[in-house]
Amino acid sequence: MSDKKSVISKGDFTPVEYDPQYILQVNHLKKYFPIKGGMVSKTVGHVKAVDGVTFNLKRGTTMGLVGESGCGKTTTGRTILRLAGEKTDGQVLFNGKEVYDMSPKEMRALRTKMQIIFQDPFSSLSPRLPVGEIIGEAVREHKLVSKSEFNDYIDKVMDNCGLQPFHKARYPHEFSGGQRQRICIARALALNPEFVVCDEPVSALDVSIQAQIINLLKDLQDQYNLTYLFISHDLSVVEHISDSVGVMYLGNLVEYGDTEDIFRNPLHPYTKALFSAIPVPDPNAKMNRIVLEGSIPSPANPPSGCKFHTRCPYATERCKVEAPCQREVEPGHYVVCHLFDK
Amino acid sequence: MAKKKAEGYLSGREARRIAKENRRITNAFEKQRKRKNVPESEYLTHMADPNNAVEFDNLHTYFYTDAGVVKSVDGVSFEVPIGKTVGVVGESGCGKSVTSLSLMQLLQRPQGQVVEGEIRLNMGDKAYDVTKMPNEQMQKIRGNYVSMIFQEPMTSLNPVFRIGEQVDEVIALHHGEGKTKEDIKNRTIELLEMVGIANSQGVYQMYPHELSGGMRQRVCIAMALACSPKVIIADEPTTALDVTIQAQVLDLLRNLKDKINSSIMFITHDLGVIAEMADYVVVMYAGRVVEKGTVHEIFSNPAHPYTIGLMASKPVVGKQVDKLYSIPGKVPNPIDMPNYCYFKDRCEMCVAGCEGEYPCQVQLSPTHFVSCYRYYDHKNQGGEG
Ligand SMILES: Nc1ncnc2c1ncn2[C@@H]1O[C@H](COP(=O)(O)OP(=O)(O)OP(=O)(O)O)[C@@H](O)[C@H]1O
Ligand SMILES: Nc1ncnc2c1ncn2[C@@H]1O[C@H](COP(=O)(O)OP(=O)(O)OP(=O)(O)O)[C@@H](O)[C@H]1O
Ligand code: SF4
Ligand SMILES: [Mg+2]
Ligand SMILES: [Mg+2]
């Protein structure tokens, strides 16, 4: 908030062209939220929730998105789906079309193709509708199945997601946290989407039902060539389901690559610290956690240079002033850190 | 909607009949609870073991819904020793949250009622049976002596108030005497920083919808710990947190526990977190406890087929499998429970005895109990059902 101008630089990137192998191309995407202050609610600064994110997603693959709580994962997902108002800058191409240039009519058609499973099931389910209606509403509206097949179809979707027919007439508040999460999953999958943003879709489920849902997501992917952006804090799940993984820190991707490369050979100091903190299901296990010193910086006022320098064990003088560029360290494995300049 | 009534819906007349019957039952419970000036003697009780902070004894919590009586918790007994952490795991929907809400007296009323059993709370020099405590008394200890971190943060945050106001209010309510507004605000900021929230001054001014999922969860943790409670119920407190902040929050809970000897009931699906945090583990299935023991017993020697299946379902970092194991089949309908072992229809290890009634609890070691026919000849039948 120190610089008075607080002007947002826009268009500071090279636009990308459509590449048909990708269902989704995200280029320098930014989403800032204004901070209001003072008596007249003037904008005094911005929360830079997403601050220049670039990645491409191949059709029929899954990209895992991990990172510190509050680093902008949900906002990235919502901005891609145009659910967070206008974007601040950058491009989002879905099948080659800029999502933010679509007409309301095109947008409506797109809504069934792009779905999101929300992180917070409680506030995303209408309290006044029985669950059968919540799941079936949009299916009926978009006439995805004929009237005579409707009930069987909903039953099948619910069954796939570990819900049972007797759940249909109940209201969301009558369910447990994990059951509500499954309702959200069923609602999203019932529409036969092409692309799904899964925001912590299995965090409230016991490991057995979690396994069932993950197997279901993978089966659907094999059958219908679905594409997922999979946001999760559970790194074992991310490793299992993703083809590629992006690691976010304070609004930016700091490392990106094939799942195998990232887990076998994490490079960025933040990724290393993150992986060292995975809890092990063994009471005798000794943990070698890399403890990150320093407090978490605020996205309203991110540090200069490399945003991670305030907490990085390897930070040098250069890291404090100069922002690192993205380097391809091995084929397809990108990292944003001065340690890899050369 | 299709003409023929689909499976899962009741006829209107049937639903009305059930609703009327439910009202009669729940009204009676509510009348009991709303009484004023209830003498303490009505809810005084004795701990079975004075070293326990909480004892759940044969707890039955039912929901009287229009579709029938949902037996969410159907005979749960376990204890939380003073200064220890008890991890509770189990199938999604098995009654973990309802068990803890029963202790807090925060069940959704009037449908949700404790119909049988005791929850004994150790108050130091005396013990209370929470299930019989009147509202006014409960309010004094809730959030103060016992406090709960809710599974879904938005259930405890009010969307129309700023974060700061909400945390301030909790502090003012229980520990506000002699404190100025400024003191309270400073304490709130301190709490927010304790749970790793960056920009605590900014977050103080924000509304809940402006926070990320994990930030909301941490605000709830800060609120629950504001008054240094002696008994903490943590219902999935770290699901929205990345592993580094999770480690920080777990440390925070551990420190608090060590400092004031609090007891923690820790509900989670993350077996890694259980292994790290818990001294004892309780495994629930379909409203009942199927196995309990020390953390070492449960992890190195899981006995109940459900526990064994659970341990096998967890994906492990660095281990590649094509398809994850998941326990086949479904949980029984809580409105219509079978009269044999609730897990039998999904069990891959059935023995002849499983045809019989619900198995009683078998003792495998001084601390390890399991409800399963496979262990009937292991030891003499013992314990309660
Ligand atoms: N509507 C909003 N107004 C203002 N700030 C917001 C808004 N939504 C999100 N933010 C801010 O943007 C940042 C990123 O939030 P986001 O929800 O994307 O995080 P996240 O990575 O999903 O975190 P988590 O893992 O905790 O869910 C946070 O600092 C949050 O406070
Ligand atoms: N208000 C209610 N009315 C009717 N049934 C309810 C109500 N609240 C909970 N239930 C039912 O009680 C059962 C137990 O719910 P509970 O929330 O305790 O599950 P849980 O073990 O916490 O599961 P999860 O891990 O998914 O949170 C579920 O089958 C649920 O559908
Ligand atoms: S650029 Fe410097 S501060 Fe940033 S992660 Fe790399 S070494 Fe650490
Ligand atoms: Mg999020
Ligand atoms: Mg729950």
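Since every read-out is calculated from the coordinates, none of them should be taken as a lab result. Here the structure is a predicted model, which means the values were calculated and not measured. Neighbour counts run over all protein chains shown; Cβ positions are idealised from the backbone, glycine included.
A Förster radius of 30 Å combined with the Cβ-Cβ distance from residue A:322 to residue B:201 puts the calculated FRET efficiency at roughly 0.55.
Take each residue of peptide B:286-292, count the partner chain Cβ atoms within 10 Å of its Cβ, and average: the result is 0. Per residue of A:196-209, other chain Cβ atoms within 10 Å of the residue Cβ number 6 on average.
Computed from backbone phi, the HN-Hα couplings of the stretch A:53-59 come to 9, 10, 6, 10, 10, 6, 4 Hz, rounded to whole numbers (Karplus: 6.51 cos²θ - 1.76 cosθ + 1.60, θ = phi - 60°; Gly and Pro given as x).
Structure shown: which of B:36/B:126; B:96/B:314; B:71/B:140; A:113/A:143; A:156/B:319 lie over 25 Å apart, alpha-carbon to alpha-carbon? From B:36/B:126; B:96/B:314; B:71/B:140; A:113/A:143; A:156/B:319, over 25 Å: B:71/B:140; A:156/B:319. Once you reduce the stretch B:150-206 and the stretch A:26-58 to the center of their Cα atoms, the two points are 25 Å from each other. Bin width 10 Å, origin at 0, all Cα-Cα pairs of the stretch A:230-342: what percent of pairs per bin? In whole percents, the pair-distance histogram is 13, 43, 34, 9, 1.
Between residue A:44 and residue B:322, the distance separating the two model label sites (each 7 Å from Cα on the Cα→Cβ line) works out to 6.0 nm.
Evaluating 6.51 cos²θ - 1.76 cosθ + 1.60 at θ = phi - 60° for every residue in the stretch B:33-39, the Karplus couplings come out as 6, 7, 4, 9, 6, 6, x Hz, glycine and proline recorded as x. Residues whose amide H comes within less than 5 Å of that of residue B:90, counting only those at least five positions distant or on another chain, are B:284 (H built at 1.01 Å from N in the peptide plane).
Taking only the Cα atoms of the stretch B:73-168, the radius of gyration and Dmax are 14.8, 41 Å. Taking every C-alpha pair closer than 8 Å and separated by at least 6 residues, the mean separation divided by the residue count of the stretch A:91-208 gives a relative contact order of 40 percent. The stretch A:196-240 and the stretch A:309-328 have their alpha-carbon centroids 33 Å apart. The ellipsoid that matches the Cα gyration tensor of the stretch B:248-385 has semi-axes, each √(5λ) in whole angstrom, of 28, 20, 14, with the longest given first.
Using only the Cα atoms of the stretch A:1-136, build the gyration tensor, take square roots of its eigenvalues as a ≥ b ≥ c, and label the shape rounded, prolate or oblate: rounded if a/c is under 1.5, else prolate if a/b is larger than b/c, else oblate. It is oblate, given that a/c is not under 1.5 and a/b is not larger than b/c. Charged neighbours of residue B:185, selected by a Cβ distance under 11 Å, balance to -2 (K, R count +1; D, E count -1).
The mean number of partner chain beta-carbon atoms within 10 angstrom of a residue's beta-carbon across peptide A:145-152 is 2. Based on alpha carbons, the Rg and Dmax found for the stretch B:146-305 are 16.9, 56 Å. With no solvent and one equal point scatterer per Cα, compute the Debye intensity ratio I(q)/I(0) for the protein assembly as shown at 0.10 Å⁻¹ and report its log10, rounded to two decimals. Calculated log10 I(q)/I(0) at the listed q: -1.06. Counting Lys and Arg as +1 and Asp and Glu as -1 over every other residue whose Cβ lies under 10 Å from the Cβ of residue A:258, the net charge comes to -3. Counted by Cβ distance under 11 Å from residue A:91, the other residues give a net charge of -1, where Lys and Arg count +1 and Asp and Glu count -1.
Extension gain for the segment residue B:186 to residue B:311, taken as residue separation times 0.36 nm less the Cα-Cα distance, is 40.6 nm to one decimal. For the stretch B:48-126, the calculated P(r) over all alpha carbon pairs, in 5 Å bins from 0 to the bin holding the longest distance, is 3, 15, 25, 24, 18, 9, 5, 2, 0 percent. Listed values for the stretch A:293-309 are Karplus-derived 3J(HN,Hα) couplings in whole Hz (6.51 cos²θ - 1.76 cosθ + 1.60, θ = phi - 60°), namely 6, x, 8, 6, x, 8, x, 7, 9, x, x, 6, x, 6, 5, 8, 4, and x replaces Gly and Pro.
Would you compute the Debye intensity of chain A from its alpha-carbon atoms alone, equal scatterers and no solvent, and pass along log10 I(q)/I(0) at q = 0.09, 0.11, 0.12, 0.13 Å⁻¹ to two decimals? At q = 0.09, 0.11, 0.12, 0.13 Å⁻¹ the computed log10 ratios are -0.53, -0.79, -0.94, -1.08. Between B:13, B:120, B:218, the residue with the greatest mean-square fluctuation in the GNM of chain B (Cα pairs under 10 Å linked by springs) is B:13. Our estimate of slack between residue B:135 and residue B:351, defined as 0.36 nm per intervening residue step minus the Cα-Cα distance, is 73.0 nm. Using C-alpha pairs under 8 Å with a sequence gap of at least 6, the mean separation divided by the residue count of chain A gives a relative contact order of 19 percent. Amide H contacts for residue B:289 (H built 1.01 Å from N in the peptide plane; partners 5 or more residues away or on another chain; cut-off under 5 Å): B:77. Using a cut-off of 31 Å between Cα atoms, the listed pairs A:48/B:185; A:10/A:36; A:147/B:330; A:31/A:286; A:30/A:272; A:73/B:179 include A:31/A:286; A:73/B:179 as exceeding that distance. Overall, the ratio between the Cα radius of gyration of the stretch A:79-225 and 2.2 N^0.38 Å, rounded to two decimals, is 1.07. Annotation: extensible slack from residue A:137 through residue A:216 equals 26.2 nm (criterion: 0.36 nm per residue apart, minus Cα-Cα distance). Working from label points 7 Å from Cα in the Cα-to-Cβ sense, the residue B:179 to residue A:107 distance is 4.5 nm.
Per residue, the convex hull around the alpha carbon atoms of the stretch A:165-235 comes to 102 Å³. Each Cα pair of chain B feeds into the Kirkwood radius, which the Stokes-Einstein equation turns, at 10 °C and 1.306 mPa s, into a diffusion coefficient of 70 µm²/s.
Projecting label points 7 angstrom from Cα along Cα→Cβ for residue A:288 and residue A:9 puts them 4.0 nm apart. If I take R0 = 60 Å and measure r between the Cβ atoms of residue B:35 and residue A:16 in this structure, what FRET efficiency does the formula 1/(1 + (r/R0)^6) give, to the nearest 0.05? Working from the Cβ atoms, E equals 0.30. With contacts taken as Cα pairs under 8 Å at a separation of at least 6 residues, the stretch A:178-260 carries a relative contact order of 26 percent. D for the stretch A:136-176, whole µm²/s, Stokes-Einstein with Kirkwood Rh over alpha-carbon pairs at 37 °C and 0.692 mPa s: what number? Estimated diffusion coefficient is 296 µm²/s. Relative protection proxy for A:246-257, A:56-67, B:184-195, from highest mean packing down: A:246-257, A:56-67, B:184-195 (other beta-carbon atoms within 10 angstrom).
What per residue convex hull volume, in Å³, do the alpha-carbon atoms of the stretch A:163-316 yield?
Each residue corresponds to 172 Å³ of Cα convex hull volume.
Residues in the stretch B:199-224 near a label at residue B:160, defined as backbone nitrogen under 16 Å from the 7 Å Cα→Cβ point? The answer is B:207-209.
Restricting to bridges with both residues inside the protein assembly as shown, how much of the DSSP beta-bridge set is antiparallel, in percent to the nearest 5?
In the protein assembly as shown, DSSP labels about 65 percent of beta bridges as antiparallel.
Against the empirical 2.2 N^0.38 Å (N residues), the stretch A:220-296 has a Cα radius of gyration ratio of 1.26. Here the calculated FRET efficiency for residue B:339 and residue B:27, from their Cβ-Cβ distance with R0 = 22 Å, stands at 0.15, rounded to the nearest 0.05.
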